[in-house]
1. If you take the residues in segment 160-178 that are more than 29 Å from the chain's Cα centre (by Cα) and open to solvent by 70 Å² or more (accessible area, probe 1.4 Å), which one is farthest from SER342 (Cα to Cα)?
2. What are the pairs, 6+ residues apart or on separate chains, where a residue within segment 13-39 that is on the phi > 0 side of the Ramachandran plot has its Cβ under 6 Å from a residue that is surrounded by fewer than 16 Cβ atoms within 10 Å (Cβ to Cβ)?
3. Could you look through segment 202-221, keep only residues that are surrounded by 11 or more Cβ atoms within 10 Å (Cβ to Cβ) and out of contact with any His (no Cβ under 9 Å at 6 or more places or on another chain), and pick out the one that is farthest from THR91 (Cα to Cα)?
4. Inspect segment 121-140 for any residue being in contact with a helix residue (DSSP H, G or I) (Cβ under 8 Å, 6 or more places away or on another chain) and either small (Gly, Ala, Ser) or under 20 Å from TYR309 (Cα atoms) (or both) and give the result as yes or no.
5. Against the condition modelled with pLDDT of 95 or more and under 19 Å from LEU77 (Cα atoms), how does THR306 come out, does it pass?
6. Being more than 25 Å from LEU157 (Cβ to Cβ) and either open to solvent by less than 40 Å² (accessible area, probe 1.4 Å) or in contact with a strand residue (DSSP E or B) (Cβ under 8 Å, 6 or more places away or on another chain) (or both): is that true of GLY312 here?
7. Out of all the residues in segment 123-159, which are of a type outside the set (A, V, I, L, M), in a loop (DSSP other than H, G, I, E, B) and crowded, with 19+ Cβ neighbours inside 10 Å?
8. Give the residues of segment 308-366 that are basic (Lys, Arg) and out of contact with any Leu (no Cβ under 6 Å at 6 or more places or on another chain), sorted by residue number.
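The values are calculated or read from the model by the stated rules, or taken from the named source; none is laboratory data. Computed from a predicted structure; not experimentally measured. Cβ placement follows ideal geometry from the backbone for every residue including glycine, while neighbour counts extend to all protein chains displayed. Heavy atoms of the whole protein, side chains included, go into the accessibility calculation; ligands, DNA and RNA do not. Shrake-Rupley method; radii C 1.70, N 1.55, O 1.52, S 1.80 Å.
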Amino acid sequence: MSNDNRDGYIPQPVRNDGAGWWDLGPRDIMRDLENPDMLVPPVTDAGTLPNLKFSFSDTYMQLNHGGWSREVTVRQLPIATTLSGVNMALTPGGVRELHWHQSAEWAIVLVGSARITAVDQDGRNFIADVGVGDLWYFPPGIPHSIQGLECGCEFLLVFDDGSFSDLNTLSISDWFAHTPKDVLSANFGVPASSFTHIPKQQRYIFQGNIPGPLESQYVADPYGTVPKSFTHRLLAQEPIVTPGGTVRIVDSTNFPISTTIAASLLEIKPGAMREMHWHPNNDEWQYYISGTGRMTVFVPNGTARTFDYRAGDVGYVPFAYGHYIQNTGDRSLWVLEMFKSSRFEDVSLNQWMALTPHQLIQENLHVGSEFIHALRKEKGYIVKYPGYSDYPRTGR
């Protein structure tokens with residue numbers, strides 16, 4: 001038996017040069033259709049690499065009254081040691097309860113809107129509404145909450161620890177449930193009977209009432225508000241515009257509170273690619289928001305491997321490994337590049353060569369003047385050249 005395939009096309013592990021043969025045995029055809037460059041690797045791929053891809057669709061879904069969550073950590077993607085991610089949704093009024101973490105939390109809103117609250121170590125509070133494309137960042141130990149507004153919300157949380165689990169957080173209900181009532185009474189100065197109905201375990205996500213306007217929930221603070229905003233409007237940020245798409249870079253230089261996580265939001269247009277490059281400061285954790293693409297990663301000893309990605313997938317590139325991302329679809333590919341760092345840094349292969357003595361380049365690679373004259377001294381980020389970008393959409 002085979003999986004449902006309405007178009008009737010059954011890909012085979014046969015390259016155009018004749019390498020390979022038909023797969024006539026049991027197989028997952030839908031998976032093969034989603035991973036054409038795994039089934040028929042480019043002829044330039046060689047050697048072995050750890051898996052650099054995992055889909056949120058393949059991980060456990062935690063369902064609660066008020067929303068859901070699922071995560072990709074080192075347990076699902078062992079190579080991803082620096083960062084982990086949680087995909088979460090909250091209903092209108094749904095609450096991610098008051099809690100805090102031992103790791104920093106960076107987030108981007110994907111759908112809808114939410115209200116976030118926090119109080120810092122000096123007793124200064126922060127209450128704000130966030131919508132699609134907005135970010136928030138809470139340093140380790142800063143208590144906070146998230147609540148869905150009128151239409152609910154979905155967001156991506158990224159933590160600066162690959163082994164982090166969102167189910168292993170410090171929650172207010174959990175602490176109350178595991179503290180004797182006489183201690184709670186002494187701490188808050190009220191009778192023990194005040195705690196008769198407290199939850200018996202961590203609530204994690206629960207259904208609440210949709211909160212009123214932001215002004216109605218204002219809490220006067222004698223210590224003032226936090227000196228550095230916990231939020232940043234990424235889509236309102238002026239992008240770097242290239243012929244192949246757009247780039248928005250966010251790190252501690254324009255989002256000062258975000259000292260341990262840096263990111264770039266890429267829009268790669270059809271027929272374009274994130275140029276060949278690498279990152280000199282840390283591993284790269286990726287989240288694919290929409291569209292389809294493929295990434296080839298180059299490592300020492302003649303090793304290269306190509307992976308296919310689509311919306312909801314997580315990708316990973318170890319520190320300093322060369323790579324590029326191609327849009328393989330007919331609409332823009334939106335991708336987040338994430339780093340455990342205070343700064344976004346990348347090295348462009350093209351720019352490096354353009355700023356190196358030309359004779360050295362020619363002798364090293366046996367290339368002619370046409371290639372030398374085409375080199376760019378400015379970073380391209382996302383490139384597209386008419387007549388040169390129509391690469392095959394399947395393994396070659």
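1. The qualifying residue farthest from SER342 (Cα to Cα) is HIS178.
2. Final answer for the pair search is GLY20/VAL14.
3. Applying the first criterion (surrounded by 11 or more Cβ atoms within 10 Å (Cβ to Cβ)) to segment 202-221 yields 202-208, 210-211, 214, 217, 221.
Remaining after also requiring out of contact with any His (no Cβ under 9 Å at 6 or more places or on another chain): 203, 208, 210-211, 214, 217, 221.
Working: ARG203: 15, GLY208: 9, ILE210: 9, PRO211: 12, LEU214: 18, GLN217: 19, ASP221: 29 Å.
So the residue we want is ASP221.
4. At the first step, the residues of segment 121-140 found to be in contact with a helix residue (DSSP H, G or I) (Cβ under 8 Å, 6 or more places away or on another chain) are 127-129.
Adding the requirement that they be either small (Gly, Ala, Ser) or under 20 Å from TYR309 (Cα atoms) (or both) leaves 128.
Scanning segment 121-140, I find at least one residue that is in contact with a helix residue (DSSP H, G or I) (Cβ under 8 Å, 6 or more places away or on another chain) and either small (Gly, Ala, Ser) or under 20 Å from TYR309 (Cα atoms) (or both), so the answer is yes.
5. Details: modelled with pLDDT of 95 or more: yes; under 19 Å from LEU77 (Cα atoms): yes.
For THR306, the condition - modelled with pLDDT of 95 or more and under 19 Å from LEU77 (Cα atoms) - is met.
6. Working: more than 25 Å from LEU157 (Cβ to Cβ): no; either open to solvent by less than 40 Å² (accessible area, probe 1.4 Å) or in contact with a strand residue (DSSP E or B) (Cβ under 8 Å, 6 or more places away or on another chain) (or both): yes.
When the stated conditions are applied, GLY312 does not pass them.
7. The initial filter retains those residues of segment 123-159 that are of a type outside the set (A, V, I, L, M), namely 123-126, 129, 131, 133-134, 136-141, 143-145, 147-148, 150-155, 159.
Imposing the further condition that a residue be in a loop (DSSP other than H, G, I, E, B) reduces the set to 123-124, 131, 133, 139-141, 143.
Of everything in segment 123-159, just one residue is of a type outside the set (A, V, I, L, M), in a loop (DSSP other than H, G, I, E, B) and crowded, with 19+ Cβ neighbours inside 10 Å, namely PRO139.
8. Of all residues in segment 308-366, those basic (Lys, Arg) come to 310, 331, 340, 343.
Passing the criteria: ARG310, ARG331, ARG343.
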